[in-house]
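What follows is a short report on a single structure.
Please treat every number below as a calculation from the coordinates, not as lab data. Just so we're clear, the structure is a prediction, and the values are computed from it rather than from any experiment. Note that we place each Cβ from the backbone using ideal geometry, even for glycine, and neighbour counts take in every protein chain shown.
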Amino acid sequence: MANDVDVVIIGAGSAGLSAAKAAAASGLTFTVVEASHRIGGRAYTEEFAQGQPFDLGCHWMHSASLNPFVAIADQHGFSYRKDNEWNQPIHNAGSWIGEDERAAVQALSEANDKAIAAAAAQGRDCAVADVVDLEDPWAAFHAYWFSLGVSRDIDQSGVVDVCAYNDTNENWPVTEGYGALVAAWAADVPVTLNAPVKRIRLTAGGVEVVTSQGTIKGRTALVTVSSNVLSSGRIIFEPGLPDWKSNAARKLPLGVHNRIGVMLDDNPLAGSDRENATVMLEDDEVPLALEVGPYGYSYVVGVTGGRFGSWLERAGQQASVEYLVERMKAVWGNDIAKHVTDRVIVTAWEGDPWTLGSYSAATPGNAHQRAELARPIDGRIFFAGEATSSEFFSTCHGAYLTGIRAANEIAELLGGNR
Ligand SMILES: Cc1cc2nc3c(=O)[nH]c(=O)nc-3n(C[C@H](O)[C@H](O)[C@H](O)COP(=O)(O)OP(=O)(O)OC[C@H]3O[C@@H](n4cnc5c(N)ncnc54)[C@H](O)[C@@H]3O)c2cc1C
């Protein structure tokens, strides 16, 4: 680990990695220390089998026309689908729903969006659940999709934060994996792995960062860990974090979004136009969105969010797989279960000690805390990471942009290109 550097960067997710590149471009010296055995953080791709990548974290390049990872994907030869519309068939209580019901789902979604925007425009930062229609027959369906987008439930999320997100409605999935893309882009960044930071001390000359592999001195530190890690107290600050900072981290908690992947021996639905479904076994049940054989791969993926995702994560891997297979059978018939293999990847982001959740959502009345979370302490401890983004929070490119922002703040302070 380089010592006596301009900036000690804590965390090698999208934010820490972009900060390292921006620091290098400004002529700053730096060290990146990462707790886990790999880079990428919540951007992480594994292979089910050779040539079958599966994203455990981010997968969609959101707001694609404003997303720097689109150009990075082009540079690194990654492909992506240009999806703009989400038009999944819906399977409810034993059958596919028809056009009239689809129109009702769409109408509810539009009415709810309007109600959320109206409350936010009036500066009434209430919970989403306070303004959406909870009596509509499709309320549970809407709440489920909201929980996937935000990772927390409608009663836990404030309307102003929801509306602050800069959404161009272009969500482009990376075929070879968004995590693989981040790893390829950042392969040239020197990172010390397996080096969890335990303490950050302010000293007369700057900072001392105590890791499991030794202590590093720096003029500044850049903290990019998730808001849940920050508020967990796993990193001890000396002196302690000021109240305004720990309060900001607590008011921007990460919720849960998990992905359940199950490998099939082949895809019996290949070529059908019904490979995707949002499934409810009964009215009002928490739905599950399923994709069978995305991009011609042979696996099924189901996604959960919010409190339900948290509950299923704690129920464990086997319970998650059984939950998904039951819903596959309900939609495509019992025979589909014959194709299910024992190769599974089930994420558990809430239990991951280095993230403690999936992505941040401001609690009602707390959208302004993102700016507080981004604010440096004493001109020496800086902050980046998705939760500090004012318009692209919860995303990989949002994290990337905050890393550059924080590295530039440090370069300005110390005088870049020295
Ligand atoms: C299931 C899921 C689906 C998602 N889908 C999308 C999507 O489709 N599109 C999208 O844009 N975004 C998506 N996201 C969100 C996106 O992945 C994150 O917002 C982004 O990757 C966060 O980057 P970050 O650098 O802020 O934080 P992280 O990636 O969490 O990086 C922080 C790093 O700090 C490390 N760390 C923690 N504690 C310590 C310590 N004590 N010492 C040293 N290092 C430490 C961690 O190991 C981690 O590597 C998804 C996330 C999840 C979980």
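Give the calculated FRET efficiency between N247 and A25 to the nearest 0.05, with a Förster radius of 41 Å applied to their Cβ-Cβ distance. In this case the efficiency is close to 0.75.
Look at where the Cα atoms of the range 338-401 and of the range 107-174 average out, and the two centres are 19 Å apart. Partner lysines whose Cα lies under 23 Å from the Cα of K338, excluding those fewer than 8 positions away in the same chain, are identified as K329. For the range 29-130, relative contact order (Cα pairs under 8 Å, six or more residues apart, normalised by length) works out to 9 percent.
Working note: Karplus 6.51/-1.76/1.60 with θ = phi - 60° gives the range 403-409 the couplings x, 5, 4, 5, 5, 5, 4 Hz, where Gly and Pro are set to x. Between the listed residues Q213, V300, Y323, the Cα displaced farthest toward the positive end of the dipole of the range 201-323, a dipole computed from Cβ unit charges relative to the Cα centre, is found at Q213.
Note on K82 and E391: the model spin-label points, each 7 Å out from Cα along the C-beta direction, lie 2.2 nm apart.
Packing around the peptides 238-249, 346-357, taken as the average count of other Cβ atoms within 10 Å per residue, puts them in this order, highest first: 346-357, 238-249. Within the shell of other residues whose beta carbon sits under 13 angstrom from the beta carbon of P253, the net charge comes to +1, with Lys and Arg scored +1 and Asp and Glu -1. Positive-end ranking of A19, Q52, P268 along the dipole of the chain, with charges on Cβ about the Cα centre, is headed by A19.
Note on the chain: Rg/Rh from C-alpha atoms, Kirkwood Rh, equals 0.98. Taking Cα centre as origin and charging only the Cβ of basic (Lys, Arg, +1) and acidic (Asp, Glu, -1) residues, the dipole magnitude of the chain rounds to 1980 debye. Taking 7 Å steps out from each Cα toward its Cβ at A93 and Q318 produces label points 3.3 nm apart. The calculated 222 nm mean residue ellipticity attributable to helices in the chain amounts to -10000 deg cm²/dmol, summing -39500 (n - 2.57) over DSSP H runs of n ≥ 4 and dividing by all residues.
Packing here is the average count of other Cβ atoms within 10 Å per residue, and on that basis the peptides 299-312, 9-22, 361-374, highest first, run 9-22, 299-312, 361-374.
Bridging of K21 to lysines at a Cα separation below 23 Å is possible for K217, once same-chain residues fewer than 8 apart are set aside. Once you order the gyration tensor axes a ≥ b ≥ c over the Cα atoms, which shape class does the range 170-223 get: rounded for a/c under 1.5, otherwise prolate or oblate by comparing a/b with b/c? Prolate, because a/c is 1.5 or more and a/b exceeds b/c. Computed over the chain with a Gaussian network model linking Cα atoms closer than 10 Å, the most mobile of Y44, Y178, Y323 is Y323. Our summary gives the chain a relative contact order of 26 percent, counting only alpha carbon pairs under 8 angstrom and 6 or more residues apart. Taking the 0 to 90 degree range and rounding to the nearest ten, how far is the long axis of helix 139-150 tilted relative to the main principal axis of the chain, both from C-alpha atoms? Compared with the principal axis, the helix lies near 30 degrees. Using C-alpha pairs below 8 Å separated by at least 6 residues, the relative contact order for the range 354-418 is 25 percent.
Checking Cβ-Cβ separations below 4.7 Å across the chain identifies C126, C163 as cysteines lacking any candidate disulfide partner.
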